[in-house]
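A short write-up of the structure that comes next.
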Amino acid sequence: LHFNNEPFPKLVMSRIEPDVSQKLEFINSNLCYEVYELIHYIFSLRTCSYNLTKENIDGGKFKSCLEYHLGKCKAPCIGLQPGLEYLQDVYCIRHIFALDFSKAKQTLTSRMFGHSQKMEFEKANIIHQKLSSLNELEKKLEPVRVHQLSKHANVLKRELGLKNIPLIIEAFDNSHNQGDCNVAASVRF
């Protein structure tokens, strides 16, 4: 999974490894499809192939599609979803690609409380359901996280010339001020 390079980026599934820095790689295509669907449900990204330039949107070149009427897209093609909000969703998904879910949780929680403050409880409930789906997404991406960690551990093994893959790495630092005030610290991964 990766984003294409457009003003309103679209999430793309590809069997060929794209030349992009942020992507999610899967061994299992079923898992990839499930994650794709969950991300689309949580963030209502566009799936159309329209050329969504500012000129085309302002010129009224497009009509809303069935995805909008089903509530699966917020129709940036006709200007109903501001570009800034869309890019905020893309930003959250890029954090998910890095297997960091905190930004997405923070954004959705903020939106949920915003709707509840305005007494828009149905909209707040929809976002609450999306937060539950985000937790499901986190569980589904656990094998991807483990796979990435094992790849990094293999690289570390090769770079350091170790016999085995390192399971625990500890670093110690001892410091003093001319023999006084001895201080030690340990960091463990």
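Worth a mention:
- For SER133: the one exception among (1) of a type in the set (Ser, Thr, Tyr); (2) farther than 30 Å from GLU6 by Cβ; (3) touching a residue at least 40 places away in the same chain (Cβ under 8 Å): (2)
- Matching residues, the range 7-18, being modelled with pLDDT of 85 or more and either open to solvent by 70 Å² or more (accessible area, probe 1.4 Å) or of a type in the set (D, E, K, R) (or both): LYS10, MET13
- Number of residues in the range 32-50 that are assigned to a helix (DSSP H, G or I) and either open to solvent by 30 Å² or more (accessible area, probe 1.4 Å) or among the small types (Gly, Ala, Ser) (or both): the value is 5.
- Some residue of the range 92-113 being of a type in the set (A, V, I, L, M) and in contact with a Ser or Thr (Cβ under 9 Å, 6 or more places away or on another chain): no
- Hey, TYR86 of a type in the set (Ser, Thr, Tyr), modelled with pLDDT under 90 and open to solvent by 50 Å² or more (accessible area, probe 1.4 Å) or not: no
- Among the residues of the range 126-144, those identified as part of a helix (DSSP H, G or I) and over 21 Å from TYR86 (Cβ atoms) are HIS128, SER132, ASN135, GLU136, GLU138, LYS139, LYS140, GLU142, PRO143, VAL144.
Conditions tested, residue by residue: (1) surrounded by 13 or more Cβ atoms within 10 Å (Cβ to Cβ); (2) in a helix (DSSP H, G or I).
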{"position": "ASN5", "(1), (2)": "no, no"}
{"position": "VAL20", "(1), (2)": "yes, no"}
{"position": "PHE26", "(1), (2)": "yes, no"}
{"position": "LEU52", "(1), (2)": "yes, no"}
{"position": "GLY60", "(1), (2)": "no, no"}
{"position": "GLN81", "(1), (2)": "yes, no"}
{"position": "ASP100", "(1), (2)": "no, no"}
{"position": "ARG111", "(1), (2)": "yes, yes"}
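- Given (1) part of a loop (DSSP other than H, G, I, E, B); (2) over 30 Å from ASN28 (Cα atoms), number of the condition LYS163 does not satisfy: (2)
- Checked against (1) modelled with pLDDT of 95 or more; (2) within 22 Å of PRO9 (Cβ to Cβ), PHE97 meets all criteria but (1).
- Of all the numbered requirements in (1) touching a helix residue (DSSP H, G or I) at 6+ places or on another chain (Cβ under 6 Å); (2) free of Cβ contacts under 8 Å to residues at least 60 places away in the same chain, TYR86 misses one, and that requirement is (2).
- Test: residue in the range 115-125 that is in contact with a Lys or Arg (Cβ under 6 Å, 6 or more places away or on another chain), modelled with pLDDT of 90 or more, more than 30 Å from VAL146 (Cβ to Cβ) and in a helix (DSSP H, G or I): yes
- Test result for LYS130, charged (D, E, K, R) and open to solvent by less than 30 Å² (accessible area, probe 1.4 Å): yes
- Which listed residue is loosely packed, with under 10 Cβ neighbours inside 10 Å and not in a loop (DSSP other than H, G, I, E, B), from ASN154, ASN174: ASN174
- When the residues of the range 62-77 are filtered to those that are under 17 Å from GLU37 (Cβ atoms) and open to solvent by less than 60 Å² (accessible area, probe 1.4 Å), the one that is modelled with the lowest pLDDT is GLY71.
The values are calculated or read from the model by the stated rules, or taken from the named source; none is laboratory data. What you see is a predicted model; the values in this text were computed from it and never measured. Please note: Cβ atoms are built from the backbone with ideal geometry, for glycine as well, and neighbour counts cover all protein chains shown. Just so you know, the surface numbers come from the protein's heavy atoms only, side chains and all, with ligands and any DNA or RNA stripped out. Shrake-Rupley method; radii C 1.70, N 1.55, O 1.52, S 1.80 Å.
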